[in-house]
Each structure stands twice: as structure tokens, then as C-alpha cells.
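Trainee: My questions all concern the structure below.
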Amino acid sequence: MHRRAVLGSTLALAACGPKARSQTVPAGLPPLRAVAPFRIGACVQALQLDDPTFAALLIQQASQITPEWQMKMEYIVQPDGTFRFDAPDRIAAFARANGLGLLGHTLIWYAQVPDAFAKLDERRVSFEQAYRSYILAVAGRYRGQVVGWDVVNEAVAEDGDGWRSSLWSERLGDFEHIALAYRTAREADADAPLLLNDYNLDYYPKKRATFLKLAERLLASGAPLTGLGTQMHVAADIAPGKITTMIRELAGLGLPIHISELDVSLTRAENKFLSRAELERRQTAVYAEAAEAFMALPAAQRFAFTLWGLRDGDSWLKKENAADAPAVFDDAGRPKAGAAALVRAFGG
Ligand code: XIL
């Protein structure tokens with residue numbers, strides 16, 4: 001009995017050791033946007049903006065918003081080929097009213113090929129005309145209102161072996177449809193930063209190399225690419241150093257870098273032997289590494305730092321696994337250790 005009691009108290013002490021202490025959040029943590037020397041972004045859905053609790057946290061913490069899905073073709077393009085803009089307009093109006101930057105996301109994505117495009121009647125309008133009209137309509141509508149556009153999303157094949165094929169590449173050419181998207185977005189908006197956005201650039205060096213090659217080729221062709229987005233949907237057990245290496249290599253091209261969709265999943269961790277507490281500790285360390293690597297960039301290359309889901313309950317990853325808790329604010333909007341790590345790294 002005695003022995004067990006001693007053991008028990010040792011364990012309790014261990015739980016309060018340095019590792020556990022790093023998980024505590026100082027009271028009165030300053031808001032992220034107040035300490036960061038660049039814009040802090042968060043993804044939003046139009047409906048969330050009507051929730052005063054969400055809106056208050058958003059305005060307190062963030063200085064930029066990305067529509068989570070309502071500025072994509074899946075929302076804008078109707079089955080008959082017409083466009084709807086009510087939700088994206090609402091998000092844009094909210095950004096304007098609250099002095100937040102608006103990041104347009106996303107014009108062209110291999111994963112979004114509406115029926116209206118697949119079944120286009122080309123006796124009336126050519127595929128290329130329809131493609132260009134879409135970009136001109138959407139980027140033109142928000143001209144002067146955006147801090148940037150993710151023009152093409154996820155263009156690179158997962159294994160890094162070239163680019164993804166899609167309806168766009170089949171009809172317009174694998175490189176040409178990408179270059180055309182940038183040229184057309186520039187036609188629609190003379191000033192907006194135009195970004196190329198992708199994921200798993202941290203995990204897969206080959207994919208990152210191909211991503212950089214694509215960026216270089218776009219620049220060489222005269223396409224108006226002005227920034228790189230790295231989504232960073234990562235898991236808590238990503239090997240330390242991978243994120244730092246990625247950020248450094250991406251920055252080598254000299255363009256501004258957007259950490260565009262950061263979340264750190266607990267349940268996507270491949271190492272199934274790690275306890276929940278260890279995963280949470282690593283999650284905090286991953287947020288810290290991302291923030292430190294970003295801070296290490298020259299100021300002119302820090303485009304923005306965007307969280308994909310402000311609170312755990314807002315995260316798309318919850319649909320995949322309800323036990324996940326990938327964000328830096330908990331369901332009640334309280335800062336987690338990840339938020340404290342960001343504030344610390346940002347100099348707060
Ligand atoms: C996701 C959204 O979070 C979901 O709500 C939506 O249903 C599907 O898209 N890469 C991207 C984002 O560029 O647009 C995706 O967002 C996540 C992966």
C-alpha cells in the first residue's frame with residue numbers, strides 16, 4: 001500500500017514536471033494579432049460570422065480571414081453554370097467592416113470540377129473562355145478587397161512526380177492551365193498578390209522540389225506568381241526539423257511565404273504508441289517550430305500565418321475524427337498551450 005502510495009505521488013510529481021508545465025497557459029495571454037509582426041489569419045464560414053462568440057474571438061485574435069469553402073467553385077458555380085456570391089460577399093463584407101484582410105481561396109483546384117464545366121456546350125463558349133470567365137468574374141468581383149489569392153491550389157502530384165491531372169490540365173494543358181490562371185487573375189486584379197498553395201511540402205521533399213520547380217517555371221514564363229502558400233496540415237508526431245527545413249527551402253526562391261492552413265492533428269499521428277498527453281506536448285512543440293521558422297524569415301517574406309480552424313470544434317478534422325483537437329483554442333475559445341507557444345515565438 002505504502003509503496004503504491006509513494007509511486008503514485010512520484011507519478012503525480014512527474015506529471016507536474018517541466019513537460020507538463022510547458023502545457024500550462026499564462027493568464028492574460030495577449031492576442032495573437034497584437035504580438036505578431038505580420039497578419040494572423042483564420043478560416044471562416046459565413047454562418048460562423050453570425051455567432052457572436054466566434055466573431056469576438058476571431059476579431060480579437062486574427063487580422064485576416066480565408067473563406068474555408070465558400071469562395072471555391074463548389075459553392076460559387078451552380079449546376080446550370082451561373083454563379084452565386086451571397087456567402088463570399090458576406091465574408092468579404094465582414095472583413096471590410098472589421099478591418100480584416102481577406103485571402104481569396106481558391107480559384108483553380110484539381111479537386112473541384114463542377115458539372116457545368118464538365119458538360120460545357122462548346123458550341124456556345126469554348127472551354128478556355130469559360131475558364132477565363134470564371135477567374136475574371138470571381139477575382140474581378142473582389143478586386144481591391146483581397147490581400148491575395150490562392151490562384152491554383154494543390155497543383156503538384158503527391159509523390160512529387162510532376163503535376164496533378166484534372167479536367168483543367170486535360171483540356172488546357174498541364175502547365176498552360178496553371179500559367180493561364182495566373183495571367184487571367186492578374187487581368188482581373190492588377191495589384192493582388194497571387195499565390196501558389198499546396199500541402200505536404202513539409203513531409204515530402206520530392207513534392208516540395210517539384211512545387212518549387214513549378215514556381216520557377218511560372219516565373220520564367222512571365223506568369224505573375226508573387227507568393228508561396230504552404231498549407232501545413234500536419235500531425236503532432238511530425239519529425240522535429242521538417243517544418244524548419246521546408247520554410248527555409250521555400251523561402252530560397254525569394255517570394256513571400258504564407259503558412260496558409262495550419263493545424264496540428266493529434267489523431268492523424270502515425271505513431272500509435274504515443275499517449276494523448278505526449279501528443280499534446282508535441283502539438284505545442286510543432287506550433288512553436290512553425291512560428292519560430294516563420295519568424296526567422298526576413299520581414300518582407302512573411303506574408304501571413306493562418307490557422308485552419310480557430311477553436312478545436314471549428315476544425316474540419318473533427319469530421320474525420322471527433323477525438324481530434326488540432327487547434328490552438330479549445331472549444332470554449334480558451335487559449336491552449338499552442339497559443340502560448342505562438343505568442344512566445346512571435347515575441348509577445
Ligand atoms: C477544406 C475545408 O476545411 C472543408 O470545410 C471543406 O469541406 C473541404 O476543404 N486544402 C485546402 C482547403 O486548400 O481548402 C481544404 O479545406 C483543406 C485542404
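Trainee: Within the stretch 22-63, track down each residue that is polar (S, T, N, Q), within 16 Å of the ligand (Cβ to nearest atom) and in contact with a Ser or Thr (Cβ under 7 Å, 6 or more places away or on another chain). Give the derivation first.
Mentor: Narrowing the stretch 22-63 to residues polar (S, T, N, Q): 22-24, 45, 48, 53, 60-61, 63.
Right, trim to within 16 Å of the ligand (Cβ to nearest atom) and you get 45, 48.
Result: no residue meets the conditions.
Trainee: In addition: How many residues does the stretch 64-74 hold that are within 10 Å of the ligand (Cβ to nearest atom) and either part of a helix (DSSP H, G or I) or touching a Pro at 6+ places or on another chain (Cβ under 7 Å) (or both)?
Mentor: 4
Trainee: Name the residue, out of A251, A236, A220, A215, that is surrounded by fewer than 18 Cβ atoms within 10 Å (Cβ to Cβ) and more than 16 Å from the ligand (Cβ to nearest atom). Give the steps one after another, and end with the answer.
Mentor: Details: A251 fails: surrounded by fewer than 18 Cβ atoms within 10 Å (Cβ to Cβ); A236 fails: surrounded by fewer than 18 Cβ atoms within 10 Å (Cβ to Cβ); A215 fails: surrounded by fewer than 18 Cβ atoms within 10 Å (Cβ to Cβ).
Step by step, each of A251, A236, A220, A215 is checked, and only A220 is surrounded by fewer than 18 Cβ atoms within 10 Å (Cβ to Cβ) and more than 16 Å from the ligand (Cβ to nearest atom).
Trainee: Which residues, taken from the stretch 106-146, are assigned to a loop (DSSP other than H, G, I, E, B), under 22 Å from D174 (Cβ atoms) and among the acidic types (D, E)?
Mentor: Across the stretch 106-146, the qualifying residue is only E122.
Trainee: Further, regarding this structure: So is L279 aliphatic (A, V, I, L, M) and either in contact with a strand residue (DSSP E or B) (Cβ under 8 Å, 6 or more places away or on another chain) or buried (at least 18 other Cβ atoms within 10 Å of the Cβ) (or both) or not?
Mentor: Working: aliphatic (A, V, I, L, M): yes; either in contact with a strand residue (DSSP E or B) (Cβ under 8 Å, 6 or more places away or on another chain) or buried (at least 18 other Cβ atoms within 10 Å of the Cβ) (or both): yes.
For L279, the condition - aliphatic (A, V, I, L, M) and either in contact with a strand residue (DSSP E or B) (Cβ under 8 Å, 6 or more places away or on another chain) or buried (at least 18 other Cβ atoms within 10 Å of the Cβ) (or both) - is met.
Trainee: Now, a different point. Condition first: away from the ligand (no atom under 14 Å from the Cβ) and of a type in the set (G, A, S). Now tell me which residues in the stretch 309-332 satisfy that.
Mentor: Residues satisfying the conditions are A322, A323, A325, A332.
Trainee: Continuing with this model, one more query. Report whether or not A192 is of a type in the set (A, V, I, L, M), surrounded by fewer than 20 Cβ atoms within 10 Å (Cβ to Cβ), within 18 Å of H258 (Cα to Cα) and more than 16 Å from the ligand (Cβ to nearest atom).
Mentor: Values: of a type in the set (A, V, I, L, M): yes; surrounded by fewer than 20 Cβ atoms within 10 Å (Cβ to Cβ): no; within 18 Å of H258 (Cα to Cα): yes; more than 16 Å from the ligand (Cβ to nearest atom): yes.
In short, no.
Trainee: Give me the residue from the stretch 256-266 that is of a type outside the set (D, E, K, R) and within 17 Å of the chain's Cα centre (by Cα) and, out of that set, farthest from the ligand (Cβ to nearest atom).
Mentor: Step by step, filter the stretch 256-266, then rank; the result is P256.
Trainee: Still on this structure: For A300, indicate whether it is surrounded by fewer than 20 Cβ atoms within 10 Å (Cβ to Cβ) and more than 16 Å from the ligand (Cβ to nearest atom). Explain how you work it out, then say what you get.
Mentor: Details: surrounded by fewer than 20 Cβ atoms within 10 Å (Cβ to Cβ): yes; more than 16 Å from the ligand (Cβ to nearest atom): yes.
So A300 fits the description; yes.
Trainee: Could you say whether any residue in the stretch 124-132 is more than 18 Å from A185 (Cα to Cα), within 16 Å of the ligand (Cβ to nearest atom) and modelled with pLDDT of 95 or more? First the steps, then the outcome.
Mentor: The initial filter retains those residues of the stretch 124-132 that are more than 18 Å from A185 (Cα to Cα), namely 124-126.
Next cut, within 16 Å of the ligand (Cβ to nearest atom) only: none.
No, every residue in the stretch 124-132 fails to be more than 18 Å from A185 (Cα to Cα), within 16 Å of the ligand (Cβ to nearest atom) and modelled with pLDDT of 95 or more.
Trainee: Checking W168 against (1) surrounded by fewer than 20 Cβ atoms within 10 Å (Cβ to Cβ); (2) within 16 Å of the ligand (Cβ to nearest atom); (3) over 20 Å from the mean Cα position of the chain (by Cα), which test does it fail?
Mentor: Here W168 clears every test but (1).
Trainee: Just wondering, is there one or more residues in the stretch 90-108 that are within 15 Å of the ligand (Cβ to nearest atom), touching a Ser or Thr at 6+ places or on another chain (Cβ under 7 Å) and of a type in the set (V, I, T)?
Mentor: no
The values are calculated or read from the model by the stated rules, or taken from the named source; none is laboratory data. Computed from a predicted model, the values in this text were never measured in an experiment. Because the Cβ atoms are built from the backbone with ideal geometry, glycine has one as well, and the counts that use them run over all protein chains shown.
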